[in-house]
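Notes follow once the structure below has been shown.
The values are calculated or read from the model by the stated rules, or taken from the named source; none is laboratory data. Since the structure is predicted, the reported quantities are computational estimates derived from the model, not experimental observations. Note that we place each Cβ from the backbone using ideal geometry, even for glycine, and neighbour counts take in every protein chain shown.
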Amino acid sequence: MSNSTLTKTLAGTLNQLLTRAHDAEHGYLVAAEATLNPALRDFFEENSHQRWRFRQVWRQHLDELSIKPEPGRSLASKAHKPFMKIKTALSNENDIALIEECRRGERTAILDYKTALETPDLPESIAATIRRQGKHIMNQLDALNSIEQALRKTVR
């Protein structure tokens, strides 16, 4: 692969992860606004802020490589906010519906992170960031699963 092709591939990978972090930041913020549960709101807000921090790391990697960051969220994310609001409005189990949507986003993020690790000639510093952030996302997915199980017990 030529240097130019490697740079484009790496740029695509990093911008995908930047966009994914932005999508998650926004998704968690929407979830925080939609819940009436103060503990769950705090959880969602902390995750939103964590994804903001993820974005700052990706922007730094892009800057270090002189790659222009792609702005904004994905088209799917922009369409997702109204969907989340409709789904939770129609659900008797609003918080469970929010958690299900967050879990879906986290599973998609995990796939993106796994794919990113397969990028040819990935610098080790970037691979380390992918592994570190990916581990955090896996932990949050586990936390969401636990929270959902606990909420389902209280709904019964």
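For the reader, a short list of remarks on this structure follows.
- Some residue of region 24-38 being loosely packed, with under 14 Cβ neighbours inside 10 Å and at pLDDT 95 or above: yes
- Note on region 23-62: residues that are without any contact (Cβ under 8 Å) to a residue 40 or more places away in the chain and in contact with a Pro (Cβ under 8 Å, 6 or more places away or on another chain) total 0.
- Residue within region 28-39 that is over 18 Å from E106 (Cα atoms), of a type in the set (S, T, N, Q), in a helix (DSSP H, G or I) and over 18 Å from the mean Cα position of the chain (by Cα) present: no
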